[in-house]
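Colleague: Following this message is one structure expressed as structure tokens.
The values are calculated or read from the model by the stated rules, or taken from the named source; none is laboratory data. Everything numeric here is computed off the predicted structure, so don't read it as measured data. No Cβ is skipped: glycine too gets one built from the backbone with ideal geometry, and neighbour counts run over all protein chains shown.
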Amino acid sequence: MPTRPLKKKLWKISTTAILLGSLLVLASACGSGSSNTGNSSSTGSNSASNTDSTNGNNNTGGIGSSKIAIVAAENFYGEVAEAVGGDYVDVTSLLTSPDADPHDYEPTPDASKAVDGASVVIFNGIGYDEWMQKLIDASGKAADKTVVRVASDVMAHQDGDNEHVWYNPETMGKYADYLADRLGKLDPVHKQDFADQASDYKQSLAPLTEAVASLKQADPLPVAVSEPVFDYMAQALNLKITDEKFELAAEEETDPAPQDVARLQNDIKAKNIRFFVNNTQATSQTVQNLVDLANENGVPVIEVTETLPSGKNYLTWMTDILDQIKAALG
Ligand SMILES: [Zn+2]
């Protein structure tokens, strides 16, 4: 995606204009709040800032707004954007209900309007929430937007990799820094604020980093999972997922092969796994039967969700999961 040299240039010109006492250009000094959207012609004394920038003045949320309009697909990414952008951004998250599954989300007209008006669009990418790319393309202003795809731009994953990168405990810190850098390009006046706020946000994740470090296994610990949402955290903790074929079937929404189910049942009964990780947001009768079997056999069940549960933030969401694991490992 294009970087935003136009913005930077605009800001420099704006400072000059402010020195000249032009109130007209003041709004754009804060990054993205200019009002002359789509007007590429010269307007009187302001001609300098319009030169070669037919799309430099991308719109945000309305006249008089001096904040950078950000739209995030998932609210856990929106939360970080709010922390990093602080007072200088306006964040809208499209997926906020713990019942909505980003895999199957159908964008509303409001969602497409929000994306159309956004300067910064954030989503996961690598096939997880492709509807967001469609909204960007449909807006006809794709080139005007700073687009952040966390899985690929921040974490260097590719299509075909496990999509659930927010379960990697390193992702949010890296994403915070990445976003601070991008916001600093859009709004250079507040570049340092964004860097500081990203740093504060990373500090706030210390309990997560500590929990991961304390639960990390010296030797791979066998566990089973109902589906792949938790895999990056499993890697970080040095857990060995023993039912890869079963979870793959769940991911592809196909029925698991009977021998894979039988093997998993066996592993539960023989306590070959230390716990079973159940994504309660993506359940099935087969999974429910396995949860029952685990309960009958005293194998702990760790409950995880695809998206942020209500009343939690990213940190408490993840640390609550790790607390369950700590209890399971005794
Ligand atoms: Zn998923």
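Colleague: Kindly establish whether residue 230 is under 21 Å from residue 280 (Cβ atoms), under 23 Å from the mean Cα position of the chain (by Cα) and either surrounded by fewer than 22 Cβ atoms within 10 Å (Cβ to Cβ) or among the aromatic types (Phe, Trp, Tyr) (or both).
Modeller: Working: under 21 Å from residue 280 (Cβ atoms): yes; under 23 Å from the mean Cα position of the chain (by Cα): yes; either surrounded by fewer than 22 Cβ atoms within 10 Å (Cβ to Cβ) or among the aromatic types (Phe, Trp, Tyr) (or both): yes.
Spelling it out, residue 230 is indeed under 21 Å from residue 280 (Cβ atoms), under 23 Å from the mean Cα position of the chain (by Cα) and either surrounded by fewer than 22 Cβ atoms within 10 Å (Cβ to Cβ) or among the aromatic types (Phe, Trp, Tyr) (or both).
Colleague: Does residue 165 fit the bill of being within 16 Å of the ligand (Cβ to nearest atom), surrounded by 19 or more Cβ atoms within 10 Å (Cβ to Cβ) and closer than 19 Å to residue 308 by Cβ?
Modeller: Working: within 16 Å of the ligand (Cβ to nearest atom): yes; surrounded by 19 or more Cβ atoms within 10 Å (Cβ to Cβ): yes; closer than 19 Å to residue 308 by Cβ: yes.
Spelling it out, residue 165 is indeed within 16 Å of the ligand (Cβ to nearest atom), surrounded by 19 or more Cβ atoms within 10 Å (Cβ to Cβ) and closer than 19 Å to residue 308 by Cβ.
Colleague: Would you check if there is a residue in region 282-299 being among the β-branched types (Val, Ile, Thr) and either within 16 Å of the ligand (Cβ to nearest atom) or closer than 27 Å to residue 201 by Cβ (or both)? Even if it seems obvious, please write down each step before you answer.
Modeller: Initial filter on region 282-299 (among the β-branched types (Val, Ile, Thr)): 283, 286-287, 291, 299.
Within this subset, residues satisfying the condition of being either within 16 Å of the ligand (Cβ to nearest atom) or closer than 27 Å to residue 201 by Cβ (or both) are 283, 287.
Yes, region 282-299 contains a residue that is among the β-branched types (Val, Ile, Thr) and either within 16 Å of the ligand (Cβ to nearest atom) or closer than 27 Å to residue 201 by Cβ (or both).
Colleague: Then there's this: Quick check on my filter: what residues within region 139-170 are among the aliphatic types (A, V, I, L, M), modelled with pLDDT of 95 or more and either under 16 Å from residue 236 (Cβ atoms) or not in a loop (DSSP other than H, G, I, E, B) (or both)? So that I can check it myself, show each step before the final result.
Modeller: We begin by selecting, within region 139-170, every residue among the aliphatic types (A, V, I, L, M); these are 142-143, 147-148, 150-151, 154-156, 165.
Now drop any that are not modelled with pLDDT of 95 or more, which leaves 147-148, 150-151, 154-156, 165.
Selection gives 147, 148, 150, 151, 154, 155, 165.
Colleague: If you don't mind, there's one more thing I want to ask. Within the group 270, 236, which residue is of a type outside the set (S, T, N, Q) and either modelled with pLDDT under 95 or under 29 Å from the mean Cα position of the chain (by Cα) (or both)? Spell out how you get there, then give the answer.
Modeller: On the way: 270 fails: either modelled with pLDDT under 95 or under 29 Å from the mean Cα position of the chain (by Cα) (or both).
So the residue among 270, 236 that is of a type outside the set (S, T, N, Q) and either modelled with pLDDT under 95 or under 29 Å from the mean Cα position of the chain (by Cα) (or both) is 236.
Colleague: With respect to residue 128, determine if the residue is more than 16 Å from the ligand (Cβ to nearest atom) and aromatic (Phe, Trp, Tyr). Can you show your working first?
Modeller: Values: more than 16 Å from the ligand (Cβ to nearest atom): no; aromatic (Phe, Trp, Tyr): yes.
No.
Colleague: Here is a further query. Give 321, 325 a once-over and let me know the one that is outside any loop (DSSP other than H, G, I, E, B), under 17 Å from residue 230 (Cα atoms) and within 16 Å of the ligand (Cβ to nearest atom). Spell out how you get there, then give the answer.
Modeller: Working: 325 fails: within 16 Å of the ligand (Cβ to nearest atom).
Within the list 321, 325, the selection yields 321.
Colleague: Can you tell me which of (1) assigned to a loop (DSSP other than H, G, I, E, B); (2) out of contact with any Ser or Thr (no Cβ under 6 Å at 6 or more places or on another chain) is the one residue 177 doesn't meet?
Modeller: (1)
Colleague: Right, something else. Kindly indicate whether residue 247 is charged (D, E, K, R), modelled with pLDDT under 95, touching a strand residue (DSSP E or B) at 6+ places or on another chain (Cβ under 8 Å) and part of a helix (DSSP H, G or I).
Modeller: Working: charged (D, E, K, R): yes; modelled with pLDDT under 95: yes; touching a strand residue (DSSP E or B) at 6+ places or on another chain (Cβ under 8 Å): yes; part of a helix (DSSP H, G or I): yes.
Here the answer is yes, as residue 247 does meet what is asked.
Colleague: Also: Within region 149-157, does at least one residue satisfy the condition of being touching a Leu at 6+ places or on another chain (Cβ under 7 Å) and among the β-branched types (Val, Ile, Thr)?
Modeller: Initially, region 149-157 is screened for residues touching a Leu at 6+ places or on another chain (Cβ under 7 Å), giving none.
No.
Colleague: Taking the condition of being in a strand (DSSP E or B) and of a type in the set (S, T, N, Q), how many residues in region 64-105 meet it?
Modeller: Residues of region 64-105 in a strand (DSSP E or B): 68-74, 89-95.
Those left that are additionally of a type in the set (S, T, N, Q): 92-93.
Of the residues in region 64-105, 2 are in a strand (DSSP E or B) and of a type in the set (S, T, N, Q).
Colleague: For residue 192, are the conditions met, namely being free of Cβ contacts under 8 Å to residues at least 24 places away in the same chain, under 16 Å from the mean Cα position of the chain (by Cα) and in a helix (DSSP H, G or I)?
Modeller: Values: free of Cβ contacts under 8 Å to residues at least 24 places away in the same chain: yes; under 16 Å from the mean Cα position of the chain (by Cα): no; in a helix (DSSP H, G or I): yes.
Against the criterion (free of Cβ contacts under 8 Å to residues at least 24 places away in the same chain, under 16 Å from the mean Cα position of the chain (by Cα) and in a helix (DSSP H, G or I)), residue 192 does not qualify.
Colleague: Does residue 265 satisfy being surrounded by 15 or more Cβ atoms within 10 Å (Cβ to Cβ), away from the ligand (no atom under 16 Å from the Cβ) and either assigned to a loop (DSSP other than H, G, I, E, B) or in contact (Cβ under 8 Å) with a residue 24 or more places away in the chain (or both)?
Modeller: On the way: surrounded by 15 or more Cβ atoms within 10 Å (Cβ to Cβ): yes; away from the ligand (no atom under 16 Å from the Cβ): yes; either assigned to a loop (DSSP other than H, G, I, E, B) or in contact (Cβ under 8 Å) with a residue 24 or more places away in the chain (or both): yes.
Taking the combined requirement at face value, the residue satisfies it.
Colleague: Something else now. Go through region 70-119 residue by residue and tally those that are away from the ligand (no atom under 16 Å from the Cβ), under 15 Å from the mean Cα position of the chain (by Cα) and not charged (D, E, K, R). Walk me through how you get there before you give the answer.
Modeller: Within region 70-119, the first condition is being away from the ligand (no atom under 16 Å from the Cβ), and the residues that meet it are 70-72, 78-94, 96, 106-119.
Checking the rest, the ones that are also under 15 Å from the mean Cα position of the chain (by Cα) come to 70-72, 78-85, 91-94, 96.
Checking the rest, the ones that are also not charged (D, E, K, R) come to 70-72, 78, 80-81, 83-85, 91-94, 96.
The total comes to 14.
Colleague: Now for a separate question. Which residue out of 111, 176, 180, 138 is surrounded by fewer than 19 Cβ atoms within 10 Å (Cβ to Cβ) and aliphatic (A, V, I, L, M)?
Modeller: Details: 111 fails: surrounded by fewer than 19 Cβ atoms within 10 Å (Cβ to Cβ); 176 fails: surrounded by fewer than 19 Cβ atoms within 10 Å (Cβ to Cβ); 180 fails: surrounded by fewer than 19 Cβ atoms within 10 Å (Cβ to Cβ).
Going through 111, 176, 180, 138 in turn, the sole match is 138.
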